[in-house]
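Chemist: Sharing a structure below in C-alpha cells format, with a few things to ask.
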Amino acid sequence: MARVQRIGGWLPQRLVIGLSWMLALALYCFVPRLRRHLHANLAHVLLDSSWLWRTGIGLRYLQHLLLLLYEVLIGIDRLSSEHVLLEGIEHIEAALAQGRGVILYTPHQGNFFYSYWRLAQRYNCLTVGTAGSPELRPLYEQFHRLGCAGFDYDATSPRELIRGLRQHLQANGAVFLLGDFWRPNFPEASFFGLQSRTPQGAATFALEDNVPIVPCYSVREGKRHRLICQAPVDLGRSFGRKQRREATDELNEWMASIISENPSQWLYWFNCQERWEGDDQRLPEQSVGQALAA
C-alpha cells in the first residue's frame, strides 16, 4: 500500500480525473446490476423518471466515488489547506462567540474527509464516525493518523459518547456531525419524505444545551473542494426540549435539499435502500426544496 501511495499519489490530477471517468464509464456499461441498482435508488428517492437524467447522475456518482477513494487512500500525501476552500466561516465564528460551542451539521457529501481535516486545522474539532464498516474503515484510519480526533460510534457506549461530546461543546469546541448517518436502532425520522432512522444528537444538544448549529456541506469542483457554511440555526426558537423528532426532521429536510442540488456527490446511493421503512411508502409531501437557512 505504501508503494501504491508513493507512485499513485503524484499522478497528474488531470490524469487521475480522466482515468476515474474511464473506469466509471466501464463500471456503468459492463456491470448492469450496479447500473440498475443506482437507477432504482435515484428514482425512488428523487422521484425522477428520466433515464437520461439517472444515467448522467449515476456516471458522475461513480466517478466521484472513485476520486474520493483515490484522494483519501492514495493522494492523501499531497493534501494541503489550499485544496479545501472554507466559505462562510464567519458563521462559525459568530456561533463560537456565544461560548456554547458549535455543531457543524453536514451530509456525507463531497469529500467530507478533507473538509473535516481542513476544519481541524483551524478549530478544536471532534467528530463521530464508524470504523466498523469494512468499506469505510481504511478511510477513517487514514485521517486518524493525520491527527483528526473523533469517536467511533460502534466502539463507544452511548453514554460515553454523549458525555464526551457535551464536554467538548462546553469547552467551546466544534463538533462535526454527519446527520445522514444511519443505523436500524436510531430513532425514527423522515428523510426525503421517506420513513427512516437518523441520529438525534444535534437536536438534543441544540434543544437541551442551546448549542447553535451551523449547517454546512462539501462540494467537489474540479481539482478543489469547497466547504460552504450557512448561518447558524437556533432550533430552540422553534421547538421545545422534547421535540427532538420534529427538530431532527427539519434538519433532515435541509440535508435533503442540499443533496438534491448536487446528487452525484452524495455517498450513500450504493446502499440507501437499506434505510427506508414503513412498507417503502412515502410520507406526505414535504417542502424539501426549502433550506433551513437563507
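Chemist: Quickly run through segment 261-294 and pick out the residues that are open to solvent by 50 Å² or more (accessible area, probe 1.4 Å) and either in a helix (DSSP H, G or I) or modelled with pLDDT of 95 or more (or both).
Modeler: Passing the criteria: 261, 270, 273, 274.
Chemist: Something else: Residues in segment 180-197: is at least one farther than 26 Å from residue 266 by Cβ, of a type outside the set (A, V, I, L, M, F, W, C) and open to solvent by 20 Å² or more (accessible area, probe 1.4 Å)? Steps first, answer last, please.
Modeler: Taking segment 180-197 first, the residues farther than 26 Å from residue 266 by Cβ are none.
There is no residue in segment 180-197 that is farther than 26 Å from residue 266 by Cβ, of a type outside the set (A, V, I, L, M, F, W, C) and open to solvent by 20 Å² or more (accessible area, probe 1.4 Å).
Chemist: Follow-up. All but one of (1) more than 30 Å from residue 81 (Cβ to Cβ); (2) surrounded by 17 or more Cβ atoms within 10 Å (Cβ to Cβ); (3) touching a residue at least 60 places away in the same chain (Cβ under 8 Å); (4) not hydroxyl-bearing (Ser, Thr, Tyr) hold for residue 225; which doesn't?
Modeler: Condition (1) is where residue 225 drops out.
Chemist: Filter segment 97-112 down to the residues that are touching a residue at least 24 places away in the same chain (Cβ under 8 Å) and more than 14 Å from residue 216 (Cβ to Cβ), then identify the one that is surrounded by the most Cβ atoms within 10 Å (Cβ to Cβ).
Modeler: Our first condition is that a residue be touching a residue at least 24 places away in the same chain (Cβ under 8 Å); within segment 97-112, this holds for 98-112.
Next, from what is left, pick out any that are more than 14 Å from residue 216 (Cβ to Cβ): 98-101.
Numbers: 98: 14, 99: 9, 100: 17, 101: 24.
Among residues in segment 97-112 that are touching a residue at least 24 places away in the same chain (Cβ under 8 Å) and more than 14 Å from residue 216 (Cβ to Cβ), the one surrounded by the most Cβ atoms within 10 Å (Cβ to Cβ) is 101.
Chemist: Another question, then. State all residues of segment 199-227 that are in contact with a Ser or Thr (Cβ under 6 Å, 6 or more places away or on another chain) and either within 13 Å of residue 246 (Cα to Cα) or part of a loop (DSSP other than H, G, I, E, B) (or both); if no residue qualifies, say none.
Modeler: 200, 203
Chemist: Which pairs do you get when a residue that is assigned by the TED database to the domain that holds residue 56 and closer than 16 Å to residue 72 by Cβ, found in segment 10-28, comes within reach of a residue that is open to solvent by less than 40 Å² (accessible area, probe 1.4 Å) and of a type in the set (S, T, N, Q), reach meaning Cβ atoms under 6 angstrom, with the pair 6+ apart or on two chains?
Modeler: Pairs found: 20/63.
Chemist: Looking at 28, 116, which one is of a type outside the set (S, T, N, Q) and touching a Lys or Arg at 6+ places or on another chain (Cβ under 8 Å)? Don't jump to the end; show me each part of the working.
Modeler: On the way: 116 fails: touching a Lys or Arg at 6+ places or on another chain (Cβ under 8 Å).
Among 28, 116, only 28 is of a type outside the set (S, T, N, Q) and touching a Lys or Arg at 6+ places or on another chain (Cβ under 8 Å).
Chemist: Right, next: Can you tell me which residue in segment 228-250 is nearest to residue 265 (Cα to Cα), limited to those that are crowded, with 19+ Cβ neighbours inside 10 Å and among the β-branched types (Val, Ile, Thr)?
Modeler: Within segment 228-250, the match that is nearest to residue 265 (Cα to Cα) is 248.
The values are calculated or read from the model by the stated rules, or taken from the named source; none is laboratory data. Keep in mind the model is a prediction, meaning the values are calculated, not measured. Cβ coordinates were reconstructed from backbone atoms using ideal geometry, including for glycine residues, and neighbour counts include every protein chain displayed. In case anyone asks, the SASA skips ligands and DNA or RNA and just uses the protein heavy atoms, side chains included. Shrake-Rupley method; radii C 1.70, N 1.55, O 1.52, S 1.80 Å.
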